[in-house]
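Below is one structure, written out as structure tokens, with a few remarks after it.
The values are calculated or read from the model by the stated rules, or taken from the named source; none is laboratory data. Small disclaimer: the values here were computed from a predicted structure and weren't measured. Cβ placement follows ideal geometry from the backbone for every residue including glycine, while neighbour counts extend to all protein chains displayed.
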Amino acid sequence: MKKITIIAIIIFMLGSTSIFAQTDTIKKYKPNSFKHSFGIGAGFASGYGFSYRYFPEQFGVQVNFAPFISSNVSVVSIGTLGLISLDRTKVSDFYIYFGGHLFNSDTEEASRTMIFYGIGPGIQLNLSEHVSWDFMVGYGGSETMAYKDKRSYSAIPDDFRIGYTVEMALHFRFN
């Protein structure tokens with residue numbers, strides 16, 4: 001009887017230490033130790049160009065910006081996304097995005113200003129410790145705010161569309 005009691009106590013002690021060891025390993029892991037990201041991004045709701053993302057905990061923001069100016073063409077794209085994290089692991093982050101994108105182009109022939117907006121799910125895949133790829137799909141709309149044909153001086157009425165949005169970004173993550 002003493003042998004069975006001693007064996008039971010040893011098994012209980014070994015079992016409880018392995019449980020505590022697993023708990024400590026999980027607590028030490030921080031899924032998103034990098035709060036800042038810089039890279040390139042493109043999408044209907046997010047805009048396109050250089051991309052900066054600040055995503056510290058559950059809520060984050062992403063800004064895309066691209067100016068292009070030449071002697072006869074100027075194009076500006078600026079977009080902002082709000083991000084809400086739903087689930088984080090070591091290799092991915094699942095979230096909801098929502099936001100808008102202002103697009104303005106001015107050529108010798110015409111001038112156009114449009115606004116795009118969207119909402120949907122997204123996933124961030126951590127390709128390495130510092131590199132991540134984001135893919136987002138959702139539903140959104142666009143509206144032509146102003147259009148002017150400079151040759152005929154005519155304006156086209158507002159053009160409103162609803163449909164699917166696709167967003168992508170490649171980021172370098174840092175603190």
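For the reader, a short list of remarks on this structure follows.
- Taking residues in segment 57-74 that are part of a loop (DSSP other than H, G, I, E, B), and partners anywhere that are surrounded by 10 or more Cβ atoms within 10 Å (Cβ to Cβ) and of a type in the set (Ser, Thr, Tyr), the pairs with Cβ atoms closer than 6 Å and at least 6 places apart or on different chains are Gln58/Ser85.
- Checking the stated criteria, Phe50 turns out not to satisfy the condition of being assigned to a strand (DSSP E or B), free of Cβ contacts under 8 Å to residues at least 12 places away in the same chain and assigned by TED's automatic domain parsing to the domain that holds Met168.
- The sole residue among Ser105, Ser77, Ser111, Ser70 that is over 13 Å from the mean Cα position of the chain (by Cα) and buried (at least 18 other Cβ atoms within 10 Å of the Cβ) is Ser77.
- Where Ser132 falls short, out of the listed (1) of a type in the set (Ser, Thr, Tyr); (2) in contact with a Gly (Cβ under 9 Å, 6 or more places away or on another chain); (3) without any contact (Cβ under 8 Å) to a residue 60 or more places away in the chain: (3)
- Given (1) over 19 Å from Gly47 (Cβ atoms); (2) surrounded by 12 or more Cβ atoms within 10 Å (Cβ to Cβ), index of the condition Asn64 fails: (1)
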